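Down below is the structure, laid out as structure tokens.
The values are calculated or read from the model by the stated rules, or taken from the named source; none is laboratory data. None of these values were measured; they are calculated from a predicted model. Here the Cβ is made from the backbone with ideal geometry for all residues, glycine too, and neighbour counts use every protein chain on show.
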Amino acid sequence: MADAVAEAKEEIRRRLADAIRDMEVETAADTARVITTAGWFEMELLETAVAAGMSEASRLYEEGEYFIPELLSCADAAEEATKIFRPYMMGQRPEPKGCVVIGSVAGDTHDIGKNIVALVVEAAGYDVFDIGRDVSAERFVDAVIEKQADALALASLMTTSMNHMADVIQLMERRGCRQSCRVIVGGKPISPSFAQKIGADYYSASAGDTVRILDEIMKTHGN
Ligand code: B12
């Protein structure tokens, strides 16, 4: 019985990933509805299904079958599914735990992964200020100071934008808010050694990891 349920969950996760890869916006939304109605939603499901669908879309892009418009349609399908999950995720939200500013660094307009991280972190009980994509170091630091953020989560999906993470950290130091705010970095080209090199506090590979890191931060640095 438990095996049958696990199999059905895996099958529906696969259906959602396929709908994202195949740019089927309606199917993605319908599949998300089936998942929530069946009570099968799990935080990891959103992240793993979107990652699988987009990674197959990426392969098709590399093979010359997809171009930028196709990738954008896949992103639309992922967003539609996310919209269905959102109220369900927020309904299970615990008491506020801390405050996080998040955004994609200057020069980088990729935001699918960053949006998932923001949503999962918010659903886990954090006040999240998502300041968008292609965000300058100045805007990041203004937001950290204004919101008195416990943590700043920086995203980069490109080797050409990842060095802007270092600019943000240096500006935090110059403007005196580095000590009070932990910095988490993530995204495809980021590694633990890169995080260490630029003086970030943590590298995170996923939305789930980010929640675990934030809980750890609040335990050691929270009020
Ligand atoms: C979709 C996509 C696009 C879409 C973006 C739509 C959108 N709204 O985001 C569009 C079509 C607009 C696009 C444009 C471009 N793209 Co693009 N794109 C991709 C693609 C195929 C998938 C990315 C994705 O969404 N993955 C799905 C999500 C769920 O996974 P993820 O982002 O990795 O996120 C997970 C983790 O990394 C982590 N994470 C992510 N963000 C964060 C943030 C924090 C704080 C934390 C803790 C963790 C975390 O958690 C997430 C969930 O598990 C990648 C290929 C790839 N394999 O990554 C190329 C890719 C990133 N793009 C690339 C390029 C080159 C471009 C363009 C320059 C193409 C062009 N010629 O115009 C432009 C650049 C635009 C710009 N200036 O930013 C290259 C980058 C190469 C490099 N230099 O490093 C890649 C790698 C493709 C390739 N193989 O060449 N792209």
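List of remarks:
- Qualifying residue in the stretch 119-129 (condition: closer than 23 Å to SER58 by Cα, at pLDDT 95 or above and part of a strand (DSSP E or B)): no
- Sole residue being crowded, with 17+ Cβ neighbours inside 10 Å, within 8 Å of the ligand (Cβ to nearest atom) and not assigned by TED's automatic domain parsing to the domain that holds GLU216, chosen from ALA81, ALA153, ALA75: ALA75
- Residue match in the stretch 132-149 (condition: within 15 Å of the ligand (Cβ to nearest atom), surrounded by 21 or more Cβ atoms within 10 Å (Cβ to Cβ) and assigned to a loop (DSSP other than H, G, I, E, B)): yes
- In the stretch 105-128, the residues that are within 8 Å of the ligand (Cβ to nearest atom) and more than 10 Å from the chain's Cα centre (by Cα): GLY107, ASP108, THR109, HIS110
- Among residues of the stretch 184-209 that are touching a residue at least 60 places away in the same chain (Cβ under 8 Å) and more than 17 Å from HIS110 (Cβ to Cβ), those with a Cβ under 9 angstrom from a residue that is part of a helix (DSSP H, G or I) and within 6 Å of the ligand (Cβ to nearest atom), sequence gap 6+ or separate chain, pair up as GLY208/GLU47.
- Scanning the stretch 171-223 for residues that are among the basic types (Lys, Arg), part of a helix (DSSP H, G or I) and closer than 22 Å to ARG139 by Cβ yields a count of 1.
- Residue check, ALA123 aliphatic (A, V, I, L, M), in the same structural domain as ILE184 (by TED's automatic domain parsing) and surrounded by fewer than 19 Cβ atoms within 10 Å (Cβ to Cβ): no
- A Cβ distance below 6 Å, combined with a sequence gap of six or more or placement on separate chains, defines the contacts here; from the stretch 52-78, residues that are within 12 Å of VAL25 (Cβ to Cβ) and among the hydroxyl-bearing types (Ser, Thr, Tyr) reach residues that are modelled with pLDDT of 95 or more and not in a helix (DSSP H, G or I) in the pairs SER73/MET23.
- Qualifying position, being more than 15 Å from GLY187 (Cβ to Cβ), touching a strand residue (DSSP E or B) at 6+ places or on another chain (Cβ under 8 Å) and hydrophobic (A, V, I, L, M, F, W, C), among VAL117, VAL128: VAL128
- Breaking point among (1) among the charged types (D, E, K, R); (2) more than 23 Å from SER206 (Cβ to Cβ); (3) surrounded by 22 or more Cβ atoms within 10 Å (Cβ to Cβ), for ARG182: (2)
- Residue within the stretch 25-35 that is within 27 Å of ALA6 (Cα to Cα) and within 9 Å of the ligand (Cβ to nearest atom) present: no
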